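The values are calculated or read from the model by the stated rules, or taken from the named source; none is laboratory data. Predicted model, so just to flag it, every value in this text is computed and none were measured. Neighbour counts run over all protein chains shown; Cβ positions are idealised from the backbone, glycine included. Just so you know, the surface numbers come from the protein's heavy atoms only, side chains and all, with ligands and any DNA or RNA stripped out. Shrake-Rupley method; radii C 1.70, N 1.55, O 1.52, S 1.80 Å.
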Amino acid sequence: MKFSLKLLLWTVIVMAVALGISGFYFVNYVFETSLAREAGQALDENSILCFAFETAALNVPAKYDVLQDSTVEQIAANLESGGQNASRMLRLSDEEKSPLYASDGFETDDELLAQTDAVTKTYRTILLNDHYYIQTGSTVNALDRVLYLETLRDVSEVFNERELGFKVYQRVTIIMLFFGTIIMHLISSWLTKPIRLLTKATKQMAAGDYAYRAKQISDDELGRLTLDFNQMAEALEENINKLEDEIQAREDFVGAFAHELKTPLTAIIGYADMLRSRKLDEEKSFMSANYIYTEGKRLEAMSIRLLDIMVTRHGQVQFQEASAESLFLYIKDMFKTNESMQFEFHYDKATVWAESNMIITVLINLLDNACKASEPGSVVEIGGRKEEDGYRFTVRDHGIGIPEQELQKITEAFYMVDKSRSRSRNGAGLGLSLCTEILSLHGSSLEIESTLGEGTSISFVLPDRRKEEAANEKTDH
């Protein structure tokens, strides 16, 4: 069952119960009030009749010392026929509560009479011949006699009014429930509209439309739920896009890796087959062996780079303070045997917080790429300077440069701007990918500026850890 129908059903049930209870209470309250008023009037009438009887008894000629039964009957008959109430019924009983006079139709039992005494007036409501009456009882003192006077007052109209009241209220309740059901159906549909919109949104997303958003139509709790759902959908869409990008990148990585393996292996297998299957002269044998050696070295370099990337991603880094000058001196000493390029070092002395071997690996890869992109004899600049947020390392060459459309891709694994040039120098397109992984662990990233035909500048900043720790402590306090 839909939530809107449940809401409508329970509302109608509550309305029906509430109207039923309130209607019963209201009609019954009016009935009891009217019945109590009639009972009061019946008791007052009984008192009046008692007084009239006693007065009439005093006016009887003093022929007897005791009021005679015949006189009692005569006075009772006069009281029954007298007054404005022609339908008055009464009964008079003697000291032994035996009837002396009773109106026609006064056929009730003696239960009330048995409860009546000299100091107690009694009354009750009875059903007699399809009519409701209030029966009253009291004592009458007349000429040394104690008599018992009972009256019947017809109150059927009060009961008829109660029955009519229930019938009218029943009709009113049915009409109110009918119109209330229609109104509550509209209200429940309006209240549950955000839920229907959310349901539609979940179906759309389940069908693969992750860009679909639920429409927010209110500012209440359901509106807030819609807003939270849309925020969740945005986060989900973002994560799915990231997963799709990662899957695509992984597929590209595998494809590129397979391609990069195929090229050197083809050359190695081809030249090895040539060496084993035929007798070659010394020059051709040397050339074949050289191709095998060169391609083998390229495979070795590629495997080492891949291993470094995996270790960097899953290994734990031990940071420590290191002298920037010592890093530059290590690099300078490593590349001093490379006489085909001119290296210029200029740097500020400072202390950095890093894993020294990893930063050296980054600088070596950047210098290696700079050399591959430059012509022999070109100048490669290596620098470092202190900045407000940390220490910046920069490697600049004056080589072929990188096209602007390629700048976003060069850090991807196996991506090479000039594949033939890179392969000729044992390149595999993994150096910048490794640098990106290492710098990510250090909270840094590569910043690349390049102009085609003029050269490339690649830099990164190692954050000042002391300032970060001081800021964190200040935030904690």
*Within 10 Å, count the other beta carbons around each residue, average over each peptide in 210-218, 457-465, and list them highest first.*
457-465, 210-218
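Where Lys and Arg each count +1 and Asp and Glu each count -1, what net charge lies around PHE393 among other residues with Cβ under 13 Å from its Cβ? Mind dumping the intermediate values first?
Details: positive: ARG385, LYS386, ARG392, ARG396; negative: GLU325, ASP348, GLU381, GLU387, GLU447.
Net charge in that neighbourhood comes out at -1.
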*Theoretical FRET efficiency, 1/(1+(r/R0)^6), r = Cβ-Cβ of GLU107 and GLN170, R0 51 Å, to 0.05*: 0.90
*Mean shadow of segment 11-50, computed from the convex hull of its alpha carbons, in nm²?*
2.2
*Share of Cα-Cα pairs in segment 331-382 beyond 14 Å, in percent?*
57
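Evaluated at 37 °C with a viscosity of 0.692 mPa s, what Stokes-Einstein diffusion coefficient in µm²/s does segment 165-246 have when Rh comes from the Kirkwood expression over alpha-carbon pairs? Could the numbers behind the result be given before it?
Values: Rh = 15.5 Å.
Calculated translational D: 211 µm²/s.
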*For segment 116-261, which whole percent of the accessible surface, found with a 1.4 angstrom probe, sits on carbon and sulfur atoms?*
59
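Among LYS2/LYS215; LYS2/LYS242; LYS336/LYS386; LYS6/LYS167, which pairs are too far apart, with a Cα-Cα distance over 27 Å? Walk me through the numbers on the way to the answer.
Values: LYS2/LYS215 20 Å; LYS2/LYS242 37 Å; LYS336/LYS386 25 Å; LYS6/LYS167 30 Å.
Table pairs above 27 Å Cα-Cα are LYS2/LYS242; LYS6/LYS167.
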_Semi-axis lengths, Å, segment 1-118, gyration tensor of Cα atoms, sqrt of 5 times eigenvalues_ = 54, 14, 11
*Mind checking which aspartates and glutamates have their C-alpha under 20 Å from LYS193, skipping anything on the same chain fewer than 8 residues away?*
ASP219, ASP220, GLU221, ASP228
*In whole Å, how far is the Cα centre of segment 101-140 from that of segment 274-301?*
136
*Estimated vicinal HN-Hα couplings, Hz - segment 88-97 in sequence order (Karplus 6.51, -1.76, 1.60; Gly, Pro = x)*: 5, 10, 8, 8, 10, 10, 7, 5, 8, 6
*Estimated D of segment 135-186 in µm² per second, where Rh is the Kirkwood radius over Cα pairs and Stokes-Einstein applies at 20 °C, 1.002 mPa s*: 139
_Summed residue charge, Cβ within 14 Å of LEU35's Cβ, Lys/Arg positive, Asp/Glu negative_ = -2
*For segment 88-142, what Kirkwood radius comes out of the mean inverse Cα-Cα distance, in Å?*
11.9
*Go through segment 228-242 residue by residue and turn each phi into a ³J(HN,Hα) via Karplus (6.51, -1.76, 1.60, θ = phi - 60°); whole Hz please, and just put x for glycine and proline.*
5, 5, 5, 5, 4, 5, 5, 5, 5, 4, 4, 5, 5, 4, 5
